[in-house]
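Scroll down for the structure; my scribbles are underneath it.
The values are calculated or read from the model by the stated rules, or taken from the named source; none is laboratory data. The model shown is predicted, which means the values in this text are computed figures rather than measured ones. Methodologically, a virtual Cβ is constructed for each residue, glycine included, from the backbone with ideal geometry; neighbour enumeration extends over all protein chains shown.
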Amino acid sequence: MGIKLMTNFLFPYFVTNPQAFWKNWHISLSTWLRDYLYISLGGNRGGVRKTYRNVFLTMLIGGLWHGAAWTFVIWGVYQGLIIIAYMFIKPKLHFASVLPVKLMKYLSIVVMFQFTCLGWLIFRANDFTQLREMFLSLFTLPYDVTNFVLYVVGYLIFHTALLIVIQIIQYKRCSNLGVLQLPLRFQLLIFIAMYFSIISLGEFGEQQFIYFQF
Amino acid sequence: MNSSLSISSSDLLLSLLPHSISEKLNQLGTLNFYEIIFPWVIILIIFSVSLYALKNTKNKLLRLGVFIVIFYSLTRVILFENPAAWMGYRYSLTWKEIGFREATIIDQNLRRYISPPQNLKYLAIGSSQTGAVFSDYAQKHRDFYKIEYSGMGPLDYYLYSELVKQIKPKTLILFLSEFDFGRDIVKETMVFAPHQSLSKHYFLIDILSNELGTSSAIHLSIKMLLADLFPEYKYQFLFKGLRDKLLNKHFLLKTQEQAFSSHSAQDKATEQVDILLRTLNKKPIDLNFRIYEQFLLRVLNSDIKLVVVEGQYHPGAYSVKNKKLKAIVSSKMQELSRKYKFQYITTDKFPILLSEDFADGYHPNKIGSDKIVNTLIPILDGNAQFKP
């Protein structure tokens with residue numbers, strides 16, 4: 001139809017560090033923040049401290065952009081801090097070169113994913129009380145694997161398994177349209193599995209799409 | 001239902017089966033070969049046309065489309081249009097995993113492969129109370145057929161009116177009380193109903209608009225149409241039930257035990273009676289009767305004699321509140337019986353059921369159901385020339 005849209009998300013859950021996350025997540029927003037805030041503040045041209053300051057302020061305002069709530073501000077601060085932390089330790093990561101490159105890469109993906117999910121906890125918390133409760137339950141013992149936990153984990157795996165397979169296919173093929181590059185019979189299997197998953201297991205209640213609030 | 005095809009093929013198949021199974025099937029009715037074979041005939045036609053299309057085209061998109069049609073049709077028949085699938089669902093899913101109504105939907109879907117006997121004398125259709133009252137009698141008498149949908153109410157009678165007309169019994173028996181008319185309509189179960197004509201959709205939108213608002217009523221109607229077109233949407237509860245069974249949800253989350261906190265039979269009955277009384281109120285009575293009247297118009301036009309039996313509940317369910325509603329419902333039913341000339345048999349014609357006549361808060365046990373049936377059948381058999 002002649003309309004070309006930019007890629008807005010490029011496998012952000014497969015990145016190995018916070019800087020790469022913001023190059024691959026909500027790219028339209030992050031490039032705007034970079035061009036109109038970070039660079040306007042001076043970018044990385046004023047020395048290390050000023051660079052850290054500019055990163056921090058950019059992410060803080062990026063958090064505020066999501067809404068006028070303290071949890072969004074804290075989330076912005078959190079994102080700024082982990083980027084700064086990464087920038088600080090990056091030159092010191094040479095010790096990790098003893099590990100095989102692939103292992104290091106997959107470990108980094110897993111670790112970064114935990115930091116991302118921690119950020120989502122802050123992002124989605126309704127208020128400070130809920131945020132405090134969630135963090136307390138995360139970081140205080142004992143960690144009981146209750147029946148409820150078992151069920152929730154099983155439920156999540158059941159519903160996301162197919163999506164994860166598709167994401168891996170897309171990541172391996174470096175394309176959001178990776179599934180369309182598969183042989184026809186595999187495409188068919190995936191599309192039919194997706195169709196049946198949605199229509200036979202989907203919830204069709206009235207739940208507003210989260211991004212409408214943004 | 002193609003009855004003549006059913007009979008001769010049924011006799012042939014029955015002769016091949018072990019005696020105990022063929023006797024059981026005989027009691028239920030005749031195998032409906034039309035329902036069993038027709039979907040596979042359609043599949044065969046689709047396959048033939050598809051193979052022809054595949055052979056004569058190299059167009060990738062068209063070939064993909066053909067594969068999708070073949071795969072989708074096959075999946076649909078395997079999952080929904082054969083008795084083996086429904087038997088599988090029946091034996092792997094219970095009401096504890098999928099809900100009461102859903103469990104009876106599976107039973108009735110399995111039943112569609114067995115046609116009720118021809119020239120059926122009596123058909124009783126209703127909620128699980130109807131099942132509790134008439135199941136035993138129906139099993140022993142081939143001229144009495146029973147269909148139950150858990151929680152069936154006046155709206156459901158309207159939605160299932162075509163099924164009643166299709167079976168075409170000589171006498172239709174309904175077991176109804178103020179507890180059926182005095183509760184709100186359950187819109188969630190509307191998607192399970194069989195296909196409805198456009199005029200019925202129009203009526204439903206019209207009548208439910210006042211209750212739910214026009215856009216909600218239209219939304220419901222669209223959901224029903226989608227359910228007609230996509231059984232994988234209509235029967236979502238099967239797959240969710242199987243998923244929950246796979247994930248051992250009810251054991252892990254103890255959801256079955258949460259349904260009723262009481263443990264003793266007496267306490268459970270009391271709890272159920274409390275729920276009954278809480279759901280009972282005057283507001284839905286008018287709406288339910290309007291819908292019920294439409295059901296009457298559809299069914300009574302088909303030369304089916306109607307008998308409505310005033311339902312009885314556990315003695316603990318009777319209070320000042322529901323006595324008033326009982327009087328309202330009874331009065332309205334009397335009015336309708338005069339207008340449409342059907343028989344309305346009130347509770348004073350029956351022995352009063354005591355708490356020991358009930359298995360729980362809702363359902364008569366064998367003793368209770370025998371009391372009702374042993375009174376009702378002689379009335380029905382003796383009243384061939386009944387005039388209201």
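Test A:Gly178 against the stated conditions and say whether it is more than 22 Å from A:Val77 (Cα to Cα) and either of a type in the set (A, V, I, L, M, F, W, C) or surrounded by 10 or more Cβ atoms within 10 Å (Cβ to Cβ) (or both). Before the answer, list the steps.
Working: more than 22 Å from A:Val77 (Cα to Cα): yes; either of a type in the set (A, V, I, L, M, F, W, C) or surrounded by 10 or more Cβ atoms within 10 Å (Cβ to Cβ) (or both): yes.
When the stated conditions are applied, A:Gly178 passes them.
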Residue among B:Arg112, B:Arg90 that is among the charged types (D, E, K, R), in contact with an Asp or Glu (Cβ under 6 Å, 6 or more places away or on another chain) and within 26 Å of B:Phe144 (Cα to Cα): B:Arg112
Close pairs (9 angstrom Cβ cut-off, 6 or more residues apart or separate chains): more than 8 Å from chain A (Cβ to nearest Cβ) and farther than 13 Å from A:Phe191 by Cβ in region B:54-76, aromatic (Phe, Trp, Tyr) and in a helix (DSSP H, G or I) anywhere: B:Leu54/B:Phe67; B:Ile70/B:Phe47; B:Ser73/B:Phe47; B:Leu74/B:Phe47
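For region B:102-121, name all the residues that are within 16 Å of the chain's Cα centre (by Cα) and outside any helix (DSSP H, G or I). Step through it out loud before you land on a result.
Of region B:102-121, the ones within 16 Å of the chain's Cα centre (by Cα) are B:102-116.
Those that are within 16 Å of the chain's Cα centre (by Cα) and outside any helix (DSSP H, G or I): B:Arg112, B:Tyr113, B:Ile114, B:Ser115, B:Pro116.
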Tally, over region A:82-106, of residues that are under 13 Å from A:Gln19 (Cβ atoms) and modelled with pLDDT of 90 or more: 8
Residues satisfying the stated conditions in region B:179-215, i.e. polar (S, T, N, Q), in contact (Cβ under 8 Å) with a residue 24 or more places away in the chain and within 14 Å of another protein chain (Cβ to nearest Cβ): none
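Would you say A:Cys117 is surrounded by fewer than 14 Cβ atoms within 10 Å (Cβ to Cβ) and modelled with pLDDT of 90 or more?
yes
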In region A:178-206, the residues that are in a loop (DSSP other than H, G, I, E, B) and within 12 Å of chain B (Cβ to nearest Cβ): A:Pro183, A:Gly202, A:Glu203, A:Phe204, A:Gly205, A:Glu206
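Can you pull out the residues in region A:120-154 that are surrounded by 14 or more Cβ atoms within 10 Å (Cβ to Cβ), within 20 Å of A:Val77 (Cβ to Cβ) and of a type outside the set (Phe, Trp, Tyr)?
So the first thing to find is which residues in region A:120-154 are surrounded by 14 or more Cβ atoms within 10 Å (Cβ to Cβ), and the list is A:121-123, A:125, A:131, A:134-135, A:147, A:150-152, A:154.
Going one step further and asking which of them are within 20 Å of A:Val77 (Cβ to Cβ), we end up with A:121-123, A:125, A:131, A:134-135.
Scanning region A:120-154 gives A:Leu121, A:Ile122, A:Ala125, A:Leu131, A:Met134.
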Candidate set: region A:142-172, residues that are more than 20 Å from A:Gly202 (Cβ to Cβ) and touching a residue at least 24 places away in the same chain (Cβ under 8 Å); chosen: the one nearest to the other protein chains (Cβ to nearest Cβ): A:Gln170
Qualifying residue in region B:83-97 (condition: within 14 Å of another protein chain (Cβ to nearest Cβ) and without any contact (Cβ under 8 Å) to a residue 12 or more places away in the chain): yes
Candidates A:Tyr151, A:Tyr155, filtered to the one that is closer than 30 Å to B:Phe239 by Cα and in contact with a Lys or Arg (Cβ under 7 Å, 6 or more places away or on another chain): A:Tyr151
Residue list for region A:10-44, restricted to those being in contact (Cβ under 8 Å) with a residue 12 or more places away in the chain and assigned to a loop (DSSP other than H, G, I, E, B): A:Leu10, A:Phe11, A:Val15, A:Thr16, A:Asn17, A:Trp25, A:His26, A:Gly42
Residue within region A:55-68 that is exposed (fewer than 15 other Cβ atoms within 10 Å of the Cβ) and either touching a Pro at 6+ places or on another chain (Cβ under 6 Å) or more than 21 Å from A:Trp22 (Cβ to Cβ) (or both) present: yes
Filter result for A:Ser175 (more than 24 Å from the chain's Cα centre (by Cα) and either within 14 Å of chain B (Cβ to nearest Cβ) or within 20 Å of A:Phe14 (Cα to Cα) (or both)): no
Filter result for the condition that a residue is within 14 Å of chain A (Cβ to nearest Cβ), surrounded by fewer than 17 Cβ atoms within 10 Å (Cβ to Cβ) and modelled with pLDDT of 90 or more, over B:Leu238, B:Leu229: B:Leu229
Residue that is surrounded by the most Cβ atoms within 10 Å (Cβ to Cβ) [pool: residues in region B:131-184 that are part of a helix (DSSP H, G or I) and β-branched (Val, Ile, Thr)]: B:Val133
Qualifying residue in region A:2-9 (condition: touching a residue at least 40 places away in the same chain (Cβ under 8 Å), of a type in the set (A, V, I, L, M) and more than 15 Å from A:Ile82 (Cβ to Cβ)): no
